[in-house]
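Single-structure report; data block below.
The values are calculated or read from the model by the stated rules, or taken from the named source; none is laboratory data. All values derive from a computational prediction rather than experimental measurement. All Cβ positions, even for glycine, are placed from backbone atoms using ideal geometry, and neighbour counts span all protein chains on display.
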Amino acid sequence: MAPVQARHATAPLQGLSWDDGAERRDWPTGRESRGRRRAGEWAPLAVALFWMLATFGAFWLSDLSDRVPNPEMLCAFVLGAVGLFALGYSAQILLNRPGRTTTTPPAQTTWVRRLVFLGAGYTVALSLLRLSALGATGPQDILNGLRDPAAGYLHKLDAYEQGIGQGDALVSLLTFLGVLGTVLAPLLVVYWRQLSAAARVAGIVGLSFDAAYYLYTGTLKGLGDTAILSAAGLLVVITAPRHSLTRRRAAVVIGGVIAAVFVGYLAFNQAARAESFGTSDLTRPSPALVDLVGPRAADGLTATAFYPTHGYLGLAYNLQEPFVWSQGLGGAPAIRLFLQETFGVDTSAHPSYPERTEYATGWPSDQYWSTIYPWLASDLTFPGAALFMAVVGWFFARVWLDVTRTRRILPLLIFAQLWILILYLPANNQLGMSPESVFGLITLLILYRASASRLVRV
């Protein structure tokens, strides 16, 4: 045992397993084992394809489809990109031989607890700085934002226009440490049973402060990210053969509750915005729905359906515009903003695809969505963006196999981040919308590459 202990002391996170301690069971054997493993390997692809195709199909069932100027081109591109994503994922799964799953002693979960504490501290600090910059003074302000999300959202937009909170040195430092903002939700979900009571409380406090900021500002982004990261962790729990059927069923129920709460707040939030800002022609509810549930609820339900589908109309407009290279600045709006605020770089000379489309068609790039594809195409062209989806699918499958076979933390965190990219695909490049998300993902990818070279083993 001594050599093993020494090795773990120098590489404390190597092979860390969420199966340790609470449920020490042997894998199923024979046909049952092969069936569970095979189903688990393909589960992320099935969920991703369902989401991509369901949102695209819902778009064609809406009134927005009547405005599409190039339906054949839109269908060919979207279905081609989705097909390439599936091809990349399938190639990774089929070319990888089944591997044995590794486990480590329960003591290794100490390092997960430390990461949870670090993530909680980071999230609390960043949330408090942002709340303070926007003038929040206590819980009552948070409750006011919860009651009237439209007012909170307008307050945030006004603050941004005035430059409030921009250029803060401490916020900039925390931006570079964005990798700590990626750990909390997935680690809490996957390792809940192995965490100490103090770590659980710290994690919940961290997520609560994060939610408080987004509720105060009436913003859906952070709440949606947390819901997605939690759901990614639940998928790991559901597909792990070592977990009991009861635990997997509990994970499904918890996932359903998270989805219901988020969708409910989404409808409430969008109804409040529609009431305060007015309802555009694009989100006007049908008279039959108004008669059935009332005008406010009808606005909320219509906006909720509009939320994940209208980006395809923006994509159709973008597909009509010629390619102009954005010099590497078009894919991630957060990088453009960071360069402007931190280094004074003028990025206006190299607009992104959505910005150029706004000039040409009037489709507002900062108000309505255009899917992730025009952001990628700003530097890759649209054919390049479609091919990039094959790379995303291939890498998505690779980290998922790492998650299920090696139990390492880095693949788990990257897997959760990729779910944000995939589920926001009908909207925008969500991972590129905030600086801490960009730097967090970059850090994870660098560490993952280093781990492949055995420079880092996490």
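Key figures for this structure:
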| read-out | value |
| --- | --- |
| Search result, residues across segment 292-339 that are on the phi < 0 side of the Ramachandran plot, assigned by TED's automatic domain parsing to the domain that holds SER434, in contact with an Asp or Glu (Cβ under 7 Å, 6 or more places away or on another chain) and surrounded by fewer than 23 Cβ atoms within 10 Å (Cβ to Cβ) | TRP325, SER326 |
| Hits in segment 394-415 - residues which are within 24 Å of ALA259 (Cβ to Cβ) and touching a Gly at 6+ places or on another chain (Cβ under 7 Å) | THR404 |
| Residue in segment 236-249 that is within 21 Å of TYR122 (Cα to Cα) and part of a helix (DSSP H, G or I) present | no |
| Candidates TYR373, TYR359 - the one that is of a type in the set (Ser, Thr, Tyr) and free of Cβ contacts under 8 Å to residues at least 40 places away in the same chain | TYR359 |
| Selection status of THR371, modelled with pLDDT of 95 or more, β-branched (Val, Ile, Thr) and surrounded by fewer than 19 Cβ atoms within 10 Å (Cβ to Cβ) | no |
| Meets criteria (closer than 23 Å to LEU53 by Cβ, surrounded by fewer than 20 Cβ atoms within 10 Å (Cβ to Cβ) and more than 24 Å from the chain's Cα centre (by Cα)) for LEU289 | no |
| Helices (runs of 4 or more DSSP H) enclosed by segment 43-157 - at least 2 residues per element that are of a type in the set (Lys, Arg) and in contact with a helix residue (DSSP H, G or I) (Cβ under 9 Å, 6 or more places away or on another chain) | 109-133 |
| Single match in THR381, THR357, THR347, THR361 (criterion: crowded, with 22+ Cβ neighbours inside 10 Å and either modelled with pLDDT of 95 or more or in contact with a helix residue (DSSP H, G or I) (Cβ under 8 Å, 6 or more places away or on another chain) (or both)) | THR357 |
| Scan of segment 257-304 for residues that are of a type in the set (Asp, Glu), without any contact (Cβ under 8 Å) to a residue 60 or more places away in the chain and closer than 18 Å to THR219 by Cα, ordered by number | ASP299 |
| So GLY218, is it assigned to a loop (DSSP other than H, G, I, E, B) and either of a type outside the set (Phe, Trp, Tyr) or in the same structural domain as ALA151 (by TED's automatic domain parsing) (or both) | yes |
| Where SER230 falls short, out of the listed (1) at pLDDT 95 or above; (2) surrounded by fewer than 19 Cβ atoms within 10 Å (Cβ to Cβ) | (2) |
| Residue among VAL403, VAL399 that alone is β-branched (Val, Ile, Thr), buried (at least 21 other Cβ atoms within 10 Å of the Cβ), at pLDDT below 95 and closer than 23 Å to PRO44 by Cβ | VAL403 |
| Extreme residue, nearest to SER370 (Cα to Cα), among residues of segment 316-339 that are out of contact with any Phe, Trp or Tyr (no Cβ under 7 Å at 6 or more places or on another chain) and touching a residue at least 60 places away in the same chain (Cβ under 8 Å) | ALA316 |
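Yes/no matrix, rows are residues, columns are (1) in contact (Cβ under 8 Å) with a residue 40 or more places away in the chain; (2) surrounded by 15 or more Cβ atoms within 10 Å (Cβ to Cβ); (3) farther than 22 Å from GLN270 by Cα; (4) not hydrophobic (A, V, I, L, M, F, W, C):
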| site | (1), (2), (3), (4) |
| --- | --- |
| PRO149 | yes, yes, no, yes |
| LEU174 | yes, yes, yes, no |
| VAL179 | yes, yes, yes, no |
| VAL183 | yes, yes, yes, no |
| ILE204 | no, no, yes, no |
| ASP210 | yes, yes, no, yes |
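Matching residues to (1) at pLDDT below 95; (2) within 28 Å of LEU418 (Cα to Cα):
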position: LEU282; (1), (2): yes, no
position: ALA297; (1), (2): yes, no
position: GLY328; (1), (2): yes, yes
position: ALA332; (1), (2): yes, yes
position: ARG336; (1), (2): yes, yes
position: TYR353; (1), (2): no, yes
position: ALA385; (1), (2): no, yes
position: MET389; (1), (2): no, yes
